[in-house]
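Okay, so here's the structure we're looking at.
The values are calculated or read from the model by the stated rules, or taken from the named source; none is laboratory data. No experiment lies behind these values; they were computed from the predicted model shown. Note that we place each Cβ from the backbone using ideal geometry, even for glycine, and neighbour counts take in every protein chain shown. SASA here: full protein model, heavy atoms, side chains in, ligands and nucleic acids out. Shrake-Rupley method; radii C 1.70, N 1.55, O 1.52, S 1.80 Å.
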Amino acid sequence: MAIKRLKKITLYGPGREKDSILRALQSLGCLHLIPMTDKSVDVQVQPAEASEAKAWLERSPKQRRQVRNFREHRDLMRVDDIVHMILENKSKFREQSDIRDKLQERIRDVRQWGEFTFPALSDLGRQRLWFYVLPNGELPALRDSLQQCELPWELIHQSQKDSYVIVISEMEPGEGLLSVHRSHVGKIPLSRLEEMLDEAEDAIEDLLAEREALTRWNYLLDQVLAARTDSADLQQATSGTLDEDDFFLVQGWVPVADQASVEAFTAAHGVAAIFEDPAVDDNPPTLLEKTATTGGGADALGFFQTPNYRAWDPGNVVFYSFSLFFAMIMSDAMYCLIFALIIFLARGKLKQSEAGSRLMNLGYFMSGVGVLWGVLIGSYFGAAPTDGTLLGNLSVIDLNDYNAMMKLSVVIGVVHLIVANVMKAAVNRDSSCAFAPLGWAGMMAGGLCLWLGMTDTLAAVFASVIGPGLMIAGALLVFLFSSEREVRSFKDLLLRMLDGLKAVYNVTAAFGDVLSYMRLFALGLSGASLAMTFNSLASDVLNSSPVTGVLFAGLILLLGHLLNFALCIMSGVVHGMRLNVIEFVNWGLSDEGYPFKAFSSKSTFNHQDSKRED
């Protein structure tokens, strides 16, 4: 993958054909427009009502066959009428859902009192019945309070926990008299409440069926919204042109690969065009070239940051490093296999877009690396394979060897940051500033060699000669080439030296960033330990009670591993991406960019037809 090269294009055309030329440019769909004026136009891209209606239809689990030829149906139903019907359906559904929820709550309150009907108020001498549910331990205090107030009451039912009491009074007893709030049973009998609940459930089913029927308009509604978006984009493009007498100017960025298409467009429409390479003071947008295999790395990084046009695309590195970090944090072959199964089950939705397909491939690769890592460390739902078996022989990495795992994590971190610095140096190879990231790469490599040599992991020469030599050479490069200050006087020389010292002092930040990769080992060990803990608890329960222990041991295994799986997924995604977004990007990318947004038509409708139908 790489960042596509762009050229600045300036189009010069007759003002009377401005609208038609801009429409044709929108259909061409390969320009990122540059506003040439400060004029702004207030347009509503997607009306809230239409967007809300579309979202309501998309939530339907079943979709009807789509109506795609709107012209045959425009006399039957207009778009605004469709939107009104959809929103009315949603409003009625919410209303019936609220009624159902209230009825369910009322039924829960009334069911504990049984089926009853209130007599007429005149038959009770204007007295009312007040219902209370209180703990059994508070019943003696209630008896004393009611006797003092001379209020008649009756204990209707008593369970092991609660007492059900009815108090007779013309007015509701004061809050200080009873320690609990009364039960709001209402005047409607239990049988009628259950009938009303059935009616509400039937109404909800009818509304859901109606929504399913309305989903046949989902495609057309989506196209109308896209047409409105196109219209809004066209209005903004029109307001961003520079108009001079009978001519207009429009500027934009176009990929070099599409230059021939734009030249053919200008020849067909009689428009003059000037192509220019980006100037030093230009800030072009970033258009990433994403492949179907490893493009998911750029998509994942794109959620947080877009590289600058003049930087490099770290998508390939992120694809592989994120997968490795995820695998080390998961540290279980079966967990990663389940993660792959989840992605497989969701493949239908992921394949609906190119970005989703790329992320799906990333997920599969993450799962594959995770399964391989889980086999190498010998962890299957927290259980280790038996020695001498095939899986046991494949287990060659001991996760409990703390020293080895710490060294592995640090080595991975140093290599990751060295790659970032080397790529940064390659991007700036035409400038002396390229020596500074090379210096940092040397310092990191030297520090690693020094540490591994001191711990007898490498030969002693790495600790005595190679490591210190790389660190000293790297520090000199950082000191000499980190500053871009021009030296024109002795004062400038001193300031440049201070800039160099300040840059070298950042070795503390480099040390901290390298240590951040220790989380790979720490999180992987914690997940594996938690899985083994749940296995041990289930085994203890099973051994203590062979009969009922099977059930409880199964529940412990199911709920425990489900919880641990969720925690591992969260940790793998969050911390795996953190190491790429913060540590790696901090050393590899200096400036942030903004994405290339093509001025293109999103609707398949003809603009004139869609406007008339709308």
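By its C-alpha gyration tensor, with a ≥ b ≥ c as the square roots of the eigenvalues, how is the range 456-614 shaped: rounded for a/c under 1.5, else prolate for a/b larger than b/c, else oblate? Since a/c reaches 1.5 but b/c is at least a/b, the shape of the range 456-614 is classed as oblate. Under the criterion of Cα pairs below 8 Å and six or more residues apart, the relative contact order for the range 195-345 equals 11 percent. Taking the charge dipole of the chain about its Cα centre, with +1 at Lys and Arg Cβ atoms and -1 at Asp and Glu Cβ atoms, the residue from SER231, PHE116, PRO385 reaching farthest to the positive side is PRO385.
Rolling a 1.4 Å probe across the protein heavy atoms gives the range 75-191 an accessible surface of 65 Å² per residue.
Extents of the chain, largest first, come to 105, 79, 58 Å (Cα atoms, principal axes, whole angstrom). On the range 340-477, 69 percent of the accessible area sits on carbon and sulfur atoms, based on a 1.4 Å probe. Between ILE34 and SER91, residue separation times 0.36 nm minus the direct Cα-Cα distance comes to 16.3 nm. Taking R0 as 25 Å, what's the FRET efficiency between GLN305 and ASP277 from their Cβ-Cβ distance, rounded to 0.05? That pair, GLN305 with ASP277, gives E of 0.45. Here the dipole of the chain is about 1340 debye; that uses its Cα centre as origin and unit charges on the Cβ of Lys and Arg (positive) and Asp and Glu (negative). Each residue of the range 180-185 was assigned a 3J(HN,Hα) from its phi angle through the Karplus expression (A = 6.51, B = -1.76, C = 1.60, θ = phi - 60°), giving 10, 7, 6, 7, 8, 8 Hz with x at Gly and Pro.
The overall shape of the range 175-324 is prolate: from the C-alpha gyration tensor, with semi-axes ordered a ≥ b ≥ c, the ratio a/c is 1.5 or greater and a/b exceeds b/c. Across the range 132-138, coupling constants 3J(HN,Hα) worked out from phi with the 6.51/-1.76/1.60 Karplus curve, θ = phi - 60°, read 9, 10, 9, x, 4, x, 9 Hz, and Gly and Pro carry x. Stokes-Einstein diffusion for the range 107-233, with the hydrodynamic radius set to the Kirkwood value over Cα pairs and evaluated at 10 °C in a medium of 1.306 mPa s, equals 84 µm²/s. How far apart, in nm, are two points set 7 Å out from the Cα along the Cα-to-Cβ line at SER432 and at ALA2? About 2.9 nm separates the two model spin labels.
Put a dot 7 Å past the Cα of THR386, heading toward its Cβ, do the same for ALA473, and the two dots end up 5.4 nm apart.
Could you give the DSSP H helices of the chain that reach 24 angstrom or more along their long axis (alpha carbon positions) and whose average Kyte-Doolittle hydropathy is no lower than -0.5?
190-214, 218-239, 354-377, 402-427, 435-454, 518-544, 549-578
Here the gap between ILE342 and LEU372, fully extended at 0.36 nm per residue and compared with their Cα-Cα distance, gives a gain of 9.0 nm.
Here's how it looks for LEU134: its modeled amide H is under 5 Å from those of SER163, VAL165, which are all 5 or more places away or on a different chain. The modelled label-to-label distance for the pair LEU139/ASP81, using points 7 Å beyond Cα in the direction of Cβ, is 6.6 nm.
The protection proxy used here, the mean number of other Cβ atoms lying within 10 Å of each residue, ranks peptides 395-406, 19-30 as follows, highest first: 19-30, 395-406.
Residues whose amide H falls under 5 Å from that of THR286, counting only those 5 or more places apart or on a different chain, are TYR594, PHE596, with hydrogens built in the peptide plane.
Which percent of the accessible area of the range 478-614 is formed by carbon and sulfur heavy atoms (probe 1.4 angstrom)?
On the way: 5360 of 7920 Å².
Carbon and sulfur: 68 percent of the exposed surface of the range 478-614.
Proximity of backbone amide H atoms, modeled 1.01 Å from N, is registered between ASP313 and ILE3 at under 5 Å, excluding neighbours fewer than 5 places apart on the same chain. Ranked by the mean number of other Cβ atoms within 10 Å of their residues, highest first, the peptides 463-475, 193-205 come out as 463-475, 193-205. Computed over protein heavy atoms with a 1.4 Å probe, the accessible surface of the range 248-350 works out to 43 Å² per residue. Charge tally around PHE131: other residues with Cβ under 10 Å, Lys/Arg +1 each, Asp/Glu -1 each, net 0. With a cut-off of 8 Å between alpha carbons and a minimum separation of six or more residues, what is the relative contact order of the chain in percent? Reported as a whole number, the value is 21 percent. Solvent exposure of the range 497-614 amounts to 54 Å² per residue of accessible area, where only protein heavy atoms count and the probe is 1.4 Å.
At full extension, TRP113 and ARG488 could sit 125.6 nm farther apart than now, given 0.36 nm per residue minus the alpha carbon distance.
Per-atom-type breakdown for the range 234-332 gives carbon and sulfur 54% of the accessible area (1.4 Å probe, protein chains only).
Under the shape rule built on the C-alpha gyration tensor, where the axes satisfy a ≥ b ≥ c, the range 254-344 is prolate, since a/c reaches at least 1.5 and a/b is greater than b/c.
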